[in-house]
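Notes follow once the structure below has been shown.
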Amino acid sequence: AQSVTQLDSHVSVSEGTPVLLRCNYSSSYSPSLFWYVQHPNKGLQLLLKYTSAATLVKGINGFEAEFKKSETSFHLTKPSAHMSDAAEYFCVVSDRGGFKTIFGAGTRLFVKA
Amino acid sequence: GAVVSQHPSWVICKSGTSVKIECRSLDFQATTMFWYRQFPKQSLMLMATSNEGSKATYEQGVEKDKFLINHASLTLSTLTVTSAHPEDSSFYICSAIPGTSGIGDTGELFFGEGSRLTVL
């Protein structure tokens, strides 16, 4: 069985400060892990993915995430927030086929000027 | 590559009418597509798995006769909301897995832009 928990429903940061969005998962097999971003009334855009290669994954727009098996975590970080980063972020765990995909509840990121 | 187009983006209809939403994979073939519903400030809820050439697989609690899914080709799946009512108003999103075997290599899903349905 798989599950994913996004530990914060809302995160607020000031522009130019670091971003940390937390995600913990559980899986009975080696999962693929993803972070997607959703802007209002839009579909989901892939930020980055982990698929058993390097544990530190770099994505688009300066985001990165580290897969930590011992902590069952896949936290999303960015060194410096930009106003355009304000959106909803989803942590997703999946099997390799994509048929068993579990979405986190989402974390709303607010960026203050 | 791997672009999924969803149409229409916005639709407003009267109560009792039916609305069709299309999901197309533009540059790849997809045996399997997924349909989700998203309520405000909530995550995606899987409604059904659309399988090319066969019947869709619906999640528990989703009315098959209300939400008709047709996957007529390897690049097109449609969701028809029949006899729509205000409670059907929502944001509907589709996704697809590249590959005619229905098996991707990483589990990555490619999402459409979503369709906002408002039933008056």
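Details
- Set of aspartates and glutamates near A:Lys49 by C-alpha distance (under 14 Å), chain-local residues within fewer than 8 positions excluded: A:Glu64, A:Glu66, A:Asp95, B:Asp105, B:Glu108
- Dividing the radius of gyration of the alpha carbons in chain B by their Kirkwood radius gives 0.95 for Rg/Rh.
- Percent of alpha-carbon pairs separated by more than 23 Å within the protein assembly as shown: 49 percent
- Threshold 40 Å², the stretch B:18-64 residues less accessible with all protein chains present than alone (1.4 Å probe): B:Ser43, B:Leu44
- Remark: relative contact order (chain A) = 37 percent; criterion is Cα-Cα distance under 8 angstrom and separation of 6 or more residues.
- Neighbourhood net charge (15 Å Cβ-Cβ; Lys/Arg +1, Asp/Glu -1) for A:Asn41: +3
- What the Cβ-Cβ distance of B:Asn51 and A:Lys69 gives, at R0 = 25 Å and to the nearest 0.05, is a FRET efficiency of 0.15.
- Summed buried accessible surface, chains B and A, 1.4 Å probe, nearest 100 Å²: 1800 Å²
- Solvent-accessible area per residue for chain A (1.4 angstrom probe, square angstrom): 46 Å²
- Förster radius 25 Å - calculated FRET efficiency between A:Thr17 and A:Ser52 (Cβ-Cβ, nearest 0.05): 0.20
- Other protein chain C-beta atoms within 10 Å of residue C-beta, averaged over A:45-52: 2.
- Sequence-separation-based contact order of chain B, relative, with Cα cut under 8 Å and 6+ spacing, percent: 37 percent
- Surface share of carbon and sulfur [accessible, 1.4 angstrom probe, percent] for chain A: 54 percent
- Within the accessible area of chain B (1.4 Å probe), percent carbon and sulfur: 52 percent
The values are calculated or read from the model by the stated rules, or taken from the named source; none is laboratory data. Since this is a predicted model, take the numbers as computed values, not measurements. Cβ: placed from backbone, ideal geometry, glycine included. Neighbour counts: every protein chain shown. To get the accessible areas, we keep the full protein, side chains included, count just its heavy atoms, and leave off ligands, DNA and RNA. Shrake-Rupley method; radii C 1.70, N 1.55, O 1.52, S 1.80 Å.
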